[in-house]
Amino acid sequence: MFEGFESQVVQVRDASVFVRHGGQGPPVLLLHGHPRTSATWHRAAPRLVAQGFTVVCPDLRGYGRSRGPAPTADHRGHSKRAVADDMLAVMRSLGHHRFLLAGHDRGGAVALRLALDHPDAVSRVALIDCLPISEHLSRITDTFATQWWHWFFFAQPDIPERVINADPDSWYRGDPRSMGRENYDEWREATRNPEVVRAMLEDYRAGLTVDKEHEEADRAAGVRIQCPALVLWSLRDDLEDLYGDPLKIWRHWAPDVRGHGIDSGHHVAEEAPEALAASLGEFFAG
């Protein structure tokens, strides 16, 4: 995977971030979702490099080979604001003070926070298979609660750790043929680490508490994404089924937003890397 990329660990405040980077040209930061690692981009990232971009793929705080602080009762150490600050520090350490940004799933929530908190750093943002967390929570239905029940299970104290760590291979199901063997092996190693599992659960606990508070405060204050935004969603996932056109919701958060669906299941970077890289490359080229 990632032929021609460099790998390193960047120390940022109270965390250490594992990051891959390669290519030449305008910098692009790619943020993975749950429960993946930066390796999920192994098919899409080289395609963006071939289009003339520098591509940076970190493991989010606590995921994969990145590590953060011990969890606290308020979950702020694993908030999207804390993770967004990590990502900004990583990019600055690599010499990129203004960059293009894409986030998938939970990485999309981090991308939103990074674009809102640091508008001078983000020139364009792509938001993939996601909505703001507060928008999900304000639209809860029995269908959402049934299909996305894991949000509320993960938020429980201690119980999810005991359930998941008893048999992580059964809980986190993956296919090495569709994921790619090296990506699968890296991901499987991470999901077998109780410290990583705890951090991934803290991501969701922060989502229902401090992240929700931050988003609601932004909406009340009229804070919006200032740069052009691209919204992409997987046609064989359930985002459109639950909410209709995602663009209608994202237009409350960004004045300049466009987007479309991609014929894929949820893990689009693995399942439809050509279509994803083409859409991102065209948008990022401006």
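Give me the pairs, please: first residue somewhere in region 91-106 and within 20 Å of Thr40 (Cβ to Cβ), second residue anywhere and assigned to a loop (DSSP other than H, G, I, E, B) and open to solvent by 40 Å² or more (accessible area, probe 1.4 Å), beta-carbon distance under 7 Å, and either six or more positions apart or on two chains.
Listed pairs, sorted by first residue: Leu100/Pro26.
Which numbered condition trips up Asp238, out of (1) of a type outside the set (A, V, I, L, M); (2) farther than 16 Å from Leu137 by Cα; (3) touching a helix residue (DSSP H, G or I) at 6+ places or on another chain (Cβ under 9 Å)?
(2)
If a residue counts only when it is modelled with pLDDT under 95 and open to solvent by less than 10 Å² (accessible area, probe 1.4 Å), which helices (runs of 4 or more DSSP H) contained entirely in region 90-150 have at least 1 such residues?
Ranges flagged: 142-147.
Can you list the strands (runs of 3 or more DSSP E) lying wholly within region 1-78 that have 2 or more residues being out of contact with any Leu (no Cβ under 8 Å at 6 or more places or on another chain), open to solvent by 60 Å² or more (accessible area, probe 1.4 Å) and not β-branched (Val, Ile, Thr)?
6-12
Does region 232-239 contain at least one residue that is within 23 Å of Arg98 (Cα to Cα), buried (at least 16 other Cβ atoms within 10 Å of the Cβ) and in contact (Cβ under 8 Å) with a residue 40 or more places away in the chain?
yes
The values are calculated or read from the model by the stated rules, or taken from the named source; none is laboratory data. This structure is a prediction, so every number in the text was calculated from the model and none was measured. Neighbour counts are summed over all protein chains in view; Cβ atoms, including those assigned to glycine, are modelled from backbone coordinates with ideal geometry. Quick note on the areas: whole protein, heavy atoms, side chains included, nothing else; ligands and nucleic acids left out. Shrake-Rupley method; radii C 1.70, N 1.55, O 1.52, S 1.80 Å.
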